[in-house]
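In what follows, a single structure is set out as structure tokens and then discussed.
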Amino acid sequence: MIKVNENYAKLKASYLFSDIAKRVSGYMDVNPDNKVIKLGIGDVTKPLTPACLEAFHRAVDDMANEETFRGYGPEQGYAFLRDAIAINDFGSRGCDISADEIFISDGSKCDTGNIQEIFSTDCVIAVPDPVYPVYVDTNVMAGRTGIWRDGRYEGLVYLDSTNENGFVPAPPAEKADVIYLCFPNNPTGATATEKQLKAWVDYALANDALILFDAAYVAFIRDEKIPHSIYEIDGARECAIEFRSFSKTAGFTGTRCAYTVIPKECRGFSASGEKIELHAIWNRRHSTKFNGVSYPVQRAAEAVYSEAGKKEVKDLIDYYLNNAKIIRGKMEALGYTCYGGENSPYIWIEGGMDSWDFFDLLLNKAEVVCTPGSGFGKCGEGFIRISAFNSLENVNEAMGRIEKALK
Ligand code: MLT
């Protein structure tokens, strides 16, 4: 008899963004001629920049010649990309990360979802609330939680992120083994200070715990005082894994390229308490289950670090940050309390009503898609998230419609 993994039965029926897509397509079926503006899922709309495209094209041409053709690449990624990342994303910020501590992959969703495979099933997991659903669902699938009750899974430690703590939770009183942190935060747009991150690193070191630091939105940081990497904090090499992505940084959501950093000192423990290098375990897992990102995509990602690429990518992010400013400004002018949108593409808005009701109101009255805050967790109830990823024209039109609908 083929028995299934019954942990899947504990999951809510579908993934948040699939739920939203279903509601939107239901609306569009009934109103096929209307233009719905999507400010829901954080998916980029601007094309790849010229430097990336040129490198991409060149690499495709390499594949057309026997002399330059590439077959399987190294599972961990090509040296040209890993070197560029180590120098530009870490060396430039004073972080000691070497190229061989970087694993190139096809996305941070996959990496943050897959990483839990290398931890024991009895690890206690802590997640922020609200939270990017992938951190939670993958641990449910793996059997690290009990059932879903009153809007939460039993067995998880939830770190309430509310306006009282500026959406940056402090380490809990109880013991957690694995802690997911995301800054700039999805969905609240909050950023963490060096002092706040230091408290987490100290907690992880004191409790033999591990921080999984998702920095997918790092390119949106414009305030230089805000740490860009967990490795800017002393001691983090021993107790933190960091995830980065080219998706939001350089428009690679459809192209797929990301990376995970696991320093050599980063440790887990055997049942008998002996230290084990997580880098070695992840390397084993990665080389068994992953065959690398395609050569042209890695060349395109490398071009992000060229002089032209750096400027283009900064302009790209500035474009979305300008959208974010418009969204936040308009919502505040309408009397809503807003967070984020300054070093982040997401604006977190206190709606003063049920999140899904607000979502439906905006869809039906303004034909604008947002993301209901409650989809990210109990503490997200009463909020909506609006994403700045769309064209300036669509953002202006959407905000005009929202103003009309809410006034
Ligand atoms: C989001 O909208 O939260 C993100 O786009 C989801 C993702 O990156 O997978």
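The values are calculated or read from the model by the stated rules, or taken from the named source; none is laboratory data. Every value quoted in this text rests on a predicted model; they were computed, and no experiment measured them. Every residue, glycine as well, gets a Cβ built from its backbone with ideal geometry; the counts of neighbours run over all protein chains shown. Surface accessibility is based on the protein's heavy atoms, side chains included, excluding ligands, DNA and RNA. Shrake-Rupley method; radii C 1.70, N 1.55, O 1.52, S 1.80 Å.
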- Pairs LYS109/LYS330; LYS175/LYS248; LYS10/LYS248; LYS310/LYS330; LYS46/LYS325: which exceed 22 Å Cα-Cα? LYS109/LYS330; LYS175/LYS248; LYS10/LYS248; LYS310/LYS330
- Find how many whole Å separate the alpha carbon centroid of the range 356-373 from the alpha carbon centroid of the range 192-256. 31 Å
- Could you state the number of Å between the C-alpha centres of the range 155-178 and the range 4-73? 31 Å
- What is the distance, in nm, between label points placed 7 Å from the Cα along the Cα-to-Cβ direction at GLU154 and at LYS10? 0.9 nm
- Item | Radius 10 Å from Cβ of TYR305, net charge of other residues (Lys, Arg +1; Asp, Glu -1) | -3
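How about the range 39-98: which chymotrypsin sites (Phe, Trp or Tyr not before Pro) there are in a DSSP loop, with at most 10 other Cβ atoms within 10 Å of their Cβ?
PHE69, TYR72
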- Note on the structure: The summed charge of the ILE384 Cβ neighbourhood (under 12 Å; Lys/Arg +1, Asp/Glu -1) stands at -4
- When only the heavy atoms of the protein chains count and the probe is 1.4 Å, how do VAL124, VAL297 rank by accessible area, highest first? VAL124, VAL297
- Task: May I ask you to list the GluC sites (Glu not before Pro) in the range 82-181 that are in a DSSP loop and have at most 15 other Cβ atoms within 10 Å of their Cβ?
- Result: GLU154, GLU174
- Task: Any chance you could look up the accessible area of ASP202 with a 1.4 Å probe, heavy atoms only, rounded to 10 Å²?
- Result: 70 Å²
- Message: Rounded to the nearest 20 debye, what is the charge dipole size of the chain about its Cα centre when +1 sits on each Lys and Arg Cβ and -1 on each Asp and Glu Cβ?
- Response: 660 debye
- Message: Could you compute how much accessible surface ASP122 exposes when probed at 1.4 Å, giving the result in Å² to the nearest 10?
- Response: 120 Å²
- Query: Taking Rh as the Kirkwood radius computed over C-alpha pairs, what is the Stokes-Einstein D of the range 36-123 at 4 °C in a medium of viscosity 1.567 mPa s, expressed in µm² per second?
  - Reply: 78 µm²/s
- Given the rule -39500 (n - 2.57) for each run of at least 4 DSSP H residues, summed and divided by the residues of the chain, what is its mean residue ellipticity at 222 nm, to the nearest 500 deg cm²/dmol? -10500 deg cm²/dmol
- Query: What residue among GLY71, ILE97, VAL368 has its Cα farthest toward the positive end of the dipole of the chain, where the charges are +1 on Lys, Arg and -1 on Asp, Glu, each on the Cβ?
  - Reply: VAL368
- Task: With the full set of protein chains in place, find how many percent of the accessible area of the chain is carbon and sulfur; take the probe as 1.4 Å.
- Result: 52 percent
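Lys and Arg at +1, Asp and Glu at -1: add these up for the other residues within a Cβ distance under 9 Å of SER229 and post the number.
-1
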- Item | Volume of the Cα convex hull of the chain, divided per residue and given in Å³ | 168 Å³
- Task: For the range 1-132, give the magnitude of the charge dipole about the Cα centre (Cβ charges: +1 Lys/Arg, -1 Asp/Glu; no others), in debye to the nearest 20.
- Result: 780 debye
